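The values are calculated or read from the model by the stated rules, or taken from the named source; none is laboratory data. Since this is a predicted model, take the numbers as computed values, not measurements. So basically every Cβ, Gly included, is an ideal-geometry build from the backbone, and we count neighbours across all protein chains shown. SASA here: full protein model, heavy atoms, side chains in, ligands and nucleic acids out. Shrake-Rupley method; radii C 1.70, N 1.55, O 1.52, S 1.80 Å.
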Amino acid sequence: MAAAVLAAARLLRGARAGGSRPRFGPPAHRQFSSGGAYPSVPLSSPLPGVPKPVFAAVDGQEKFETKVTRLDNGLQVASQNKFGQFCTVGILVNSGSRYEAKYLSGIAHFLEKLAFSSTARFDSKDEILLTLEKHGGICDCQTSRDTTMYAVSADSKGLDTVVGLLAEVTLHPRLTDEEIEMTRMAVQFELEDLNMRPDPEPLLTEMIHEAAYRGNTVGLHRFCPIENIPKINQEVLHSYLRNYYTPDRMVLAGVGVEHEHLVECAKKYLLGAQPAWGSAGAVDVDRSVAQYTGGIVKEEDFIPFAVLNMMMGGGGSFSAGGPGKGMFSRLYLNVLNRHHWMYNATSYHHSYEDTGLLCIHASADPRQVREMVEIITKEFILMGGTVDTVELERAKTQLMSMLMMNLESRPVIFEDVGRQVLATQSRKLPQELCMLIRNVKPDDIRRVASKMLRGKPAVAALGDLTNLPTYEHIQVALSSRDGRLPRTYRLFR
């Protein structure tokens, strides 16, 4: 060490004294320097001495194709190629709160919390997590009104282990008394947190669905009612699972995996598997079509409604991250920019296989609720009016941009593949969706908006509602030309 230090010191002294610079061979990088003393190599020519790169051959069609195979038991296997070391694989089940009409409300909420607990093969959730950890994996379960999704992201080399694990947690959960009791506590806490949360959006979303679809399908409670928490037990859960967790209502979806390998794993672990609750026997499945209390929004209008939702845009009065995100949308230009007292005005589009909702969430000081409602009803009426070509093209471009950017994420691709195959047995590719978006014309926007406005509105409200107009007056305002509320004393009662 001392010798090395002394050698370094001599080198430094020599440099300071103007001595000759020691040479340890010519520096390779100087040979191809772009300086005047060295010949320049154009970027269009290969560098001398550098081996020619060998790139992986990619078939253009293979890159974008979604493959779907149906097994003998009715289960569908869907996959999408994506370059990378990791994959996302999961089982999607056609189940959720919309199917709980004949059951205790809250079963789907319980199943979401019980996911990835002990199974016939795994004694605890910790053992499952340790198994996934060997392949760098993480797991999650999400339940919506119409879909339950068990998903794992892990190294592609562990695909066999991942599919086996997914089969276990989906078809062979133990659902012990201890696990159910812990879930009761988790659900109770979530409900308390939901009511204390400053952000009203989750509760408003629940309320608007209940108002729009009273007592049917997607209008049923997404969260477990507090009175049902002690009533849900293993027997209730098994009764529901027996009818809805059947192979013909499932899709095994994978992104970043070879389709043939995924099909092999599906046959190994999911074909002929006997679930913990026994065979279904005579299946009693609710096949009700969602009934909107004022009219049904047809599925073929999904794309025009998505464009209309993008045109409306909106957001909070303060845009986190700086301006520029949707500042030319109607709710920004007509509402937030003109009425400083509005806290928020945002358009939301909830879509399902057989119905959909277009909503505007708005918030303001309780003293200005009446004026806020009048402003929002006016925006709804304007939806059926003139559509500027520039704003329509901007909305279409923004929608396509968001679609493509979202589909850069592997978990998003997984959910898109799984949900589309579960609903339609096939998948519309991104370029097909972009073509449908490009084809939306101003007449399409006016048509879907006018049809929507002919139906009865669904209204949900939270907070101090002293000045909230009556439902009848909101209906009158929506049927008027300017969206103005009737000027009567009854508004303030």
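Before moving on, here are some points about what is shown:
- Ranked order, Leu407, Leu436 - accessible area, probe 1.4 Å, largest first: Leu436, Leu407
- Entries in Lys157/Lys396; Lys231/Lys456; Lys134/Lys268 that, when Cα-Cα distance is taken, lie over 28 Å: Lys157/Lys396; Lys231/Lys456
- Counted charge near Phe110, where neighbours are those whose Cβ lies closer than 12 Å (Asp, Glu -1; Lys, Arg +1): -2
- For Cys87, the shell of other residues with beta-carbons less than 11 Å away shows a net charge of +1, using +1 for Lys and Arg and -1 for Asp and Glu.
- Heavy-atom surface analysis with a 1.4 Å probe gives the range 126-220 a carbon and sulfur content of 55 percent of its accessible area.
- Accessible surface area normalised per residue over the range 99-224 is 44 Å², counting heavy atoms of protein chains with a 1.4 Å rolling probe.
- Nearest-10 value in Å² for the accessible area of Ser401, using the 1.4 Å probe: 50
- Part-to-part distance (alpha-carbon centres) for the range 121-173 and the range 333-360, which is given in Å: 37
- Note on the range 366-438: with neighbouring protein chains present and a 1.4 Å probe, carbon and sulfur make up 58 percent of its accessible heavy-atom surface.
- Per residue, the accessible area of the range 328-415 comes to 48 Å² when a 1.4 Å probe rolls over the protein heavy atoms.
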